[in-house]
Amino acid sequence: MLLKNYKTILLQELSSLYDAQEIESFFYLILECFHNKKRIDLALDPNMEMDAMQLLRWESVLAELKKEKPIQYILGKTEFYSLPFLVNENTLIPRPETEELVEWIIKSTNSKIQNKKLRILDIGTGSGCIAISLAKSISNAEVFAIDISEEALATAKKNAEINEVNVDFILKNVLETENLGNTFDIIVSNPPYVRNLEKAEIKRNVLEYEPHIALFVDENDALLFYRKIAGLAKVNLSENGILFFEINQYLGKETCKLLENLGFKNIILKKDIYGNNRMISCCL
């Protein structure tokens, strides 16, 4: 079968579940993963074919997509901040908004904390996307990352190897931690922040496949992780250090107020590319 013809099959089989642009993106992601070919390669050689075994692999992916399983989990990998990452059911799929958070941290380190060895801590690292991207981009950084999940940390360690960076990964439940044991110039976290009342806004592919432990928080105490991490930062953040959070878009003012009440200053609430309140930075 001609490879280009399978795009038509995907469009026909998946049009009731996904829009055409998303289906097209699936096609080119599979093309690169299975054949190491990009869009331009197929354009230059439109008669490229797949054999019977390759067709079976495409059919397997199609079957999973019909179940609304995320393409990143099907292929076992994704890209974040222009870097390759393995992902699986133990890790969240990194989002573009989190790339914005990483970019903000990098720019802040360039302008505010210079000419010194930086110690960075990522709390709730998951796939390691934040910690690894920072380690890759900030040459003078010593990066640490903690997570409650052994399985997530195993994936994060593989991702650090793939991206050729050193990150010290630590198995730890932050809610049961009284002291982080070191002083850090930057503490960053993208903790669980989705409330049950917001489940209606979440797509099925997220609800059924991504790890709930990394997504959801008790709506009766939606700022639980922010309060705990900010409390630890008060003890373990260095002079002139900065605390960064990714936040629930509906709780921006409440999160800022929490940080203000805990004694943090220079609180900045930042919107993401979609115009939602998504990130906060502050210092002591």
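The values are calculated or read from the model by the stated rules, or taken from the named source; none is laboratory data. Worth saying up front: this structure is predicted, and the values here are computed from it rather than measured. Glycine gets a Cβ as well: all are built from the backbone with ideal geometry, and neighbour counts include every protein chain shown. What goes into the accessible areas is simple: the full protein's heavy atoms, side chains included, and nothing from ligands, DNA or RNA. Shrake-Rupley method; radii C 1.70, N 1.55, O 1.52, S 1.80 Å.
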Starting from residues that are in contact (Cβ under 8 Å) with a residue 40 or more places away in the chain and open to solvent by less than 30 Å² (accessible area, probe 1.4 Å), keep the ones in the range 151-166 and report whichever is farthest from Ile132 (Cα to Cα).
Ala152
Residue check, Lys257 basic (Lys, Arg), under 19 Å from Asp122 (Cβ atoms) and in a helix (DSSP H, G or I):
no
Could you tell me whether any residue of the range 229-243 is in contact with a Phe, Trp or Tyr (Cβ under 7 Å, 6 or more places away or on another chain) and open to solvent by 40 Å² or more (accessible area, probe 1.4 Å)?
no
Quickly run through the range 126-137 and pick out the residues that are open to solvent by 10 Å² or more (accessible area, probe 1.4 Å), of a type outside the set (A, V, I, L, M) and touching a helix residue (DSSP H, G or I) at 6+ places or on another chain (Cβ under 8 Å).
Gly126, Cys129, Ser137
Looking at the range 56-72, is at least one residue within 19 Å of Ala152 (Cβ to Cβ) and free of Cβ contacts under 8 Å to residues at least 40 places away in the same chain?
yes
Got at least one residue in the range 202-217 being under 15 Å from Asp147 (Cα atoms), among the polar types (S, T, N, Q) and open to solvent by 20 Å² or more (accessible area, probe 1.4 Å)?
no
Within 25 Å of Lys157 (Cβ to Cβ) and surrounded by fewer than 18 Cβ atoms within 10 Å (Cβ to Cβ): is that true of Glu79 in this structure?
yes
Pull up the range 246-262, narrow it to residues that are more than 17 Å from Thr98 (Cβ to Cβ) and in contact with a strand residue (DSSP E or B) (Cβ under 7 Å, 6 or more places away or on another chain), then point me to the one that is most open to solvent (accessible area, probe 1.4 Å).
Glu260
For the range 9-65, which positions are hydroxyl-bearing (Ser, Thr, Tyr) and in contact with a Phe, Trp or Tyr (Cβ under 7 Å, 6 or more places away or on another chain)?
none
